[in-house]
Each structure stands twice: as structure tokens, then as C-alpha cells.
1. Could you tell me how many of the residues in the range A:230-247 are assigned to a strand (DSSP E or B) and of a type in the set (D, E)?
2. Could you count how many residues in the range B:180-198 are within 19 Å of the chain's Cα centre (by Cα) and without any contact (Cβ under 8 Å) to a residue 40 or more places away in the chain?
3. Is the range B:113-132 home to any residue that is more than 10 Å from chain A (Cβ to nearest Cβ) and more than 15 Å from the chain's Cα centre (by Cα)?
4. Yes or no: the range B:154-177 includes at least one residue that is within 16 Å of ligand 1 (Cβ to nearest atom) and without any contact (Cβ under 8 Å) to a residue 12 or more places away in the chain.
5. If we keep just the residues of the range A:157-198 that are under 18 Å from B:G174 (Cβ atoms) and among the small types (G, A, S), which is nearest to the other protein chains (Cβ to nearest Cβ)?
6. Name the residue that is farthest from the other protein chains (Cβ to nearest Cβ), counting only residues in the range A:199-221 that are of a type in the set (S, T, N, Q) and open to solvent by 10 Å² or more (accessible area, probe 1.4 Å).
7. Out of the residues in the range B:207-226 that are within 16 Å of ligand 2 (Cβ to nearest atom) and out of contact with any Cys (no Cβ under 8 Å at 6 or more places or on another chain), which is farthest from the other protein chains (Cβ to nearest Cβ)?
8. Which one of these does B:K220 not meet: (1) at pLDDT below 95; (2) open to solvent by 60 Å² or more (accessible area, probe 1.4 Å); (3) on the phi < 0 side of the Ramachandran plot; (4) within 15 Å of ligand 3 (Cβ to nearest atom)?
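The values are calculated or read from the model by the stated rules, or taken from the named source; none is laboratory data. Computed from a prediction, not measured in an experiment: that's the story for all the values here. So basically every Cβ, Gly included, is an ideal-geometry build from the backbone, and we count neighbours across all protein chains shown. Note: areas computed on protein heavy atoms with side chains; ligands, DNA, RNA excluded. Shrake-Rupley method; radii C 1.70, N 1.55, O 1.52, S 1.80 Å.
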Amino acid sequence: MEDEYLGKYIDVFSVKPLKEGFGATTAYIAYALDKNEIDGAIVVKADENWEPKAIVARNSDDLRASIGTKWVITPMVDAIIDALKVERLEKVAIIGTPCQCRVIRDIKEYPMQLGDVINRIKLVIGLFCMGSFTQDGFKTMVERKFGITLPEIKNAEIRSDKFIIRLINGKIIEESLENVKKDVKFACLFCDDFTARSADISFGNAGSESGWRSVIVRDEYAYSLLQSASRAGYLKMKKLNPEGVNEIIRLSKEKMERAKRNESLI
Amino acid sequence: MKVMYVKLSDCSGCMISFLEALMSNSNIELIYCPNILDRRDIDEAEDADIGFVSGSVCAEFDEHMESLKKMREKCEKIVTVGSCACVGGITRFCRGNQPPQPYHRTFLPIADVVKVDYSIPGCPASAEILKKFLNAYIAGNNKYLIPFKNLARKKRASGQDLQDEIVAKGLCVGCGMCALSCPVEAIEMIRGKPEVRMDKCIRCGTCYFRCPRNFLKLRKENAEVI
Ligand code: SF4
Ligand code: SF4
Ligand code: SF4
């Protein structure tokens, strides 16, 4: 199916991770790694200073380090070269924001660099995105707006219209999304892709209840992996209800309108 | 499909890529290519459907200037292969006065001399992208050819353009693909942003064309190219 706001897709689900300590996206990748469907996944981990770094996860233990959204875009250059050229992996998954998925698709379609090895990226996993921060921008925001430092943060996520930061000491900071949006990087104001339309499968919170994640499946292989992961008990899946789908469409529309509005800025 | 290939001032890297792409495609008849075929006189060559040229053209080298102009007359479409032909590339640094041809001093991108229809940049242009171009051209997949068509109007591109047009304008998303593209590792990602070392940059333009923020534009018919 093709939808202006959802992109090309096969179906939309809501999934809940059943694997201890894993999120929905990582549970999905863990299944693919455990069953040797892929032999490496390029993911991002953050160290205790929230300094993000792309790594090549070879098994589900490596993956644990990457759980949770990082909120900043991380160049994956070194990890891509490690996976494809140094370790010469044959079946690689990559997970990223819509813009990162787009550029992988660009390179596959117009292979100006990397040669044939780019085709060893078998699975492009997208994350819903309303905008991200620059590394310095994120640091400035949490320090100035919330009066905390990066190492104090345990995780951060968006739930409906709130940006929620959980600290290591148990404290929770809530901020209205509208307020946080002002800090996203300038480049994101021109981006019209909320659901990672060029990914094989896209994950995101929007549309699903707490503890669940929405999944847009766009590719047959990605779909079969999701079904097998669910059969193997890595996650639970159900069809996403129409209200959920509408919520995704609403945000996608909002992002497209924002991009249109800002077109004249450049 | 009848094809001409003319190699002007380049390092031969693009020609090697082109020959690899050529061998993978059985629909192509190479009718003129003085580097590998016997017939050397372009006047005797028949008309071709498409002509590929690699390397920039030396304005003081009459033989090259002539064959380029004749090639334009004989080919329905002209495609520049590789950064030297497209945007000058490393030959932008040539100053001449070197043996064995000390009088060769002025090297121009092809579009400075004749009309170019499609540009395939890269240093060298990769065999993979040439294969895709040939397949799309033969299949008449015009949508796929749009970026190459837009690029044909671009006569210069370097790491400085990336810095000015993308990074300084706040359009960089920090994906790092520019750094991955650079053949001389002139770009380093520092705290998620590209820093170009212009003293290392060979002006191939690959980073600028690869940047998703620029490529998004290049995919649109008649995109504005600066
Ligand atoms: S809003 Fe767009 S450009 Fe910004 S991080 Fe998300 S996908 Fe990338
Ligand atoms: S920075 Fe590198 S990729 Fe960009 S134009 Fe210079 S040499 Fe080419
Ligand atoms: S390719 Fe473009 S968007 Fe990506 S890091 Fe380089 S300049 Fe930024």
C-alpha cells in the first residue's frame, strides 16, 4: 500500500517486547542476530557522558548497550566501514533516523562510494522522528533548561505531548514537547519524513499505548522477521488500531507542514 | 546502443571503472575508444547514441579540444565520467610547465567547452554507478537519470561548497556520509559535524553530491544547482 503520510507499507502493528531488558526495536534486532538472520547490526550506544558512538553489535549482549533513544544524530561512518570493509560481514542491519535511512537508500540507488558492499546492508530499520539535537545543542538544552548535566540522565523519551527525562537518581523531569521543539536542530525544520519512509521497517512510540511501540512494516523480509520474532516469544504483536494509525498520520502531516512552511527559509 | 568513449586528461581510474561497467552490459557496442580500439581517427568514426568522456580538457592541447568538439557533433548525448570531467577535480590544481608537456597549463571541466547532458561524478566514478546509469539509460528510466542531468549544469564543487552551502546554512543533519565519501579523507566528523580540511581537498565534489540534503534537491527535475 502507499500512503502520502505513512509511505509505502504492508501493514501497521503495535508490538511489546517480551525479552528481559530489551525495547521493541532491540528485541527485534536481537531475534535477527540470535537466529543468524543478520551477522551484525549498526547501532548507537551512549557512554556515561551521553557521548554517542555507533558500534557494530555482533550478538544480543552487544545490543544491550544501545537500548534507548539518544536524541542526537551520530555519524555511522566508522561503524559502516568496520562492518562492511574490515569485518566483511555479509548481512548487516542498520538502525537510524529517517534521514539516516534515506542516505543509505541513496547510496544503494546511486552507489558513488563503497561499491557493491553496500548491498550487504540487508535491513534498514527506521525510527519515527520529529527532530533531533546536535550533540552540543542537547548538552546546552539539558544544562540550561533543566539544570542537570548529561551524566545524570538515565533515559529520555517522548510520550504523547511530553518530553520525559528520567534521571539516575530516580527523579523525573517533564517538559512540554512544544518547549523542547524549539531546541531541535535547524536542519530538522526542513525534514518532511516522520516515519522513515525509506526504511524496510519503522518503529516509534506514536500511536501505541505505554509499553508498546508502533511498527510500520514496508518490506516482505522485514515482515517475516517480525512474525518469526513474535512466534519465538521475543515480542508480542497486534494490529495497530485505527486511532493509533491516525495519530501517526497526524504527526507525519504536522512534520510535512512544518517542512513546507520553512522551505522559504533557505 | 552505439557508444563512444574518449579519455582526455585523467589518471585512467575512470576508464577502468567504465570498462568494468561495459563488460557487464551486453547491449553496448563500443564503436570508438582510441585507447583500446584500433581506429584512432575520430573523423572516420560513425555517429553514436551516447558518448562518455573522462578527464578534463586541456585548452592548449588542440588534439583534445578538437576530438571533444567532434565527439559532441557525433553523439546524441554526452556524459562526463568522473570528477575531473564533471567539475575539474584534481586537475583544477594544474599550473603547467611540467615535462613532458610544459605548454599544457589550462585544464577545464568538459561543460566549459561543450554542452554536457549527464554528469557522473566520483574520484574515480565507481563501476557500480556506471552500471546503474547504463542500465537506466538503456531502459529509458528517466526518473533515475534526473540527478545526473541536474549535475550536468554544475561546473564546480568541492569541500568548500559542502561547508558553505550545507554546514554553514545549518542544513547538515550530521549523518557523516560526506566523510565516508571523501577519497582523500579530508573530512573529519567532530562532535557530529563535518570539518573539511581544504588543504587536503582535491575538489572532486563527491561529498557535496552525496550529502542527503543536496541529493534531495538533485532528485527533482530541473533542480536549481548553484
Ligand atoms: S527530523 Fe529529519 S533531519 Fe532531523 S533528525 Fe529527524 S529525520 Fe533527521
Ligand atoms: S572534501 Fe573530499 S570528497 Fe569533498 S570535494 Fe574535497 S576531496 Fe572531494
Ligand atoms: S553528508 Fe551532508 S548532512 Fe551528512 S554530515 Fe555531511 S554535510 Fe552533514
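1. Looking only at that region, the number is 0.
2. Residues that pass the stated criteria total 4.
3. Checking the range B:113-132: not a single residue is more than 10 Å from chain A (Cβ to nearest Cβ) and more than 15 Å from the chain's Cα centre (by Cα).
4. yes
5. Among them, the one singled out is A:A187.
6. A:S210
7. B:V225
8. Status for B:K220: all satisfied but (4).
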